[in-house]
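Below is one structure, written out as structure tokens, with a few remarks after it.
The values are calculated or read from the model by the stated rules, or taken from the named source; none is laboratory data. Values in this document were obtained by computation on a predicted structure and should not be read as measured data. Positions of Cβ are backbone-derived with ideal geometry, glycine not excepted, and every protein chain shown enters the neighbour counts. Ligands, DNA and RNA are excluded from the accessible area calculation, which covers all protein heavy atoms including side chains. Shrake-Rupley method; radii C 1.70, N 1.55, O 1.52, S 1.80 Å.
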Amino acid sequence: MRSSLAIYKALKESNIDFICSVPCANLKNLIKLVEEDENIRYIPTTREEEAFGICAGAYLAGKKTAILMQNSGIGNSINAIASLYKTFQIPTLLIISHRGDLKEQIPAQIPMGRWITKLLDVCEIPTYKPKTPEEAYKLIKYASSYMFKISYPVALLFDALYWEYDLE
């Protein structure tokens, strides 16, 4: 559980206190840690744009937010990012499981897997790609601070190789 634990600890130490998620096999251990934490308000959602809307409201109510999601959800959320987050300068941390890349077994995941970095770039969302739990821990802490400096989401994109640390 090294992968998930590193992300969880960094979220905690960054004072993230409100998290929405959409189910994802790679994120299951992290979601379980967040779900069990009494100091984090956790809201499971069925769609990513729903998570963006809920986190926007939580931010306006004074919460420090994050969304745990698969990369395919960015495609579903472009309008929420542009019309809500860009317009009203709302920061949130995006913890994104990168499907459709190396080791992918589901062909339908591949197009979004190939397009995700371009989509995040078009949305002007700074994106970082940690390769180890140690790097993830460090980058999440920097990114959670940076999102407030730019008043906009910051993304961390975790590929299939990163999640192998959860198997150790």
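Residues considered: Cys55, Cys20. Of these, the only one that is open to solvent by less than 10 Å² (accessible area, probe 1.4 Å), closer than 23 Å to Ile150 by Cβ, touching a strand residue (DSSP E or B) at 6+ places or on another chain (Cβ under 6 Å) and in a strand (DSSP E or B) is Cys20. Just to be sure, is Ile78 among the β-branched types (Val, Ile, Thr) and surrounded by fewer than 18 Cβ atoms within 10 Å (Cβ to Cβ)? Yes. So is Gln105 in contact with a Gly (Cβ under 7 Å, 6 or more places away or on another chain), more than 19 Å from Ala51 (Cα to Cα) and surrounded by fewer than 21 Cβ atoms within 10 Å (Cβ to Cβ) or not? Against the criterion (in contact with a Gly (Cβ under 7 Å, 6 or more places away or on another chain), more than 19 Å from Ala51 (Cα to Cα) and surrounded by fewer than 21 Cβ atoms within 10 Å (Cβ to Cβ)), Gln105 does not qualify.
Does Ser21 count as at pLDDT below 95, under 27 Å from Gln89 (Cα atoms) and either among the small types (Gly, Ala, Ser) or within 12 Å of the chain's Cα centre (by Cα) (or both)? Considered against the rule, which asks whether it is at pLDDT below 95, under 27 Å from Gln89 (Cα atoms) and either among the small types (Gly, Ala, Ser) or within 12 Å of the chain's Cα centre (by Cα) (or both), Ser21 comes out as no. Against the criterion of being open to solvent by 100 Å² or more (accessible area, probe 1.4 Å), part of a helix (DSSP H, G or I), basic (Lys, Arg) and over 18 Å from Asn71 (Cβ atoms), Lys12 does not qualify.
Counting the residues of the range 16-46 that are in contact (Cβ under 8 Å) with a residue 60 or more places away in the chain and under 20 Å from Val154 (Cα atoms) gives 5.
If you check Ser77 against the conditions, is it touching a strand residue (DSSP E or B) at 6+ places or on another chain (Cβ under 8 Å), closer than 22 Å to Pro23 by Cα and small (Gly, Ala, Ser)? Judged against the criteria, Ser77 is not a match. The C-beta contact set for the range 114-142 (first residue among the charged types (D, E, K, R) and modelled with pLDDT of 95 or more, second residue assigned to a helix (DSSP H, G or I) and open to solvent by less than 70 Å² (accessible area, probe 1.4 Å), distance under 8 angstrom, 6+ apart or interchain) comprises Lys131/Tyr162; Glu134/Ala6; Lys138/Ala10; Lys141/Ala10.
Go over the candidates Thr87, Thr92, Thr117, Thr132 one by one and state the one that is hydroxyl-bearing (Ser, Thr, Tyr) and within 12 Å of the chain's Cα centre (by Cα). Exactly one residue qualifies, and that residue is Thr92. Annotation: Asp37 fulfils all but one of (1) part of a loop (DSSP other than H, G, I, E, B); (2) open to solvent by 10 Å² or more (accessible area, probe 1.4 Å); (3) touching a helix residue (DSSP H, G or I) at 6+ places or on another chain (Cβ under 7 Å); the unmet one is (3). Residues in the range 112-165 that are part of a helix (DSSP H, G or I) and hydroxyl-bearing (Ser, Thr, Tyr): Thr117, Tyr137, Tyr142, Ser144, Ser145, Tyr146, Tyr162, Tyr165.
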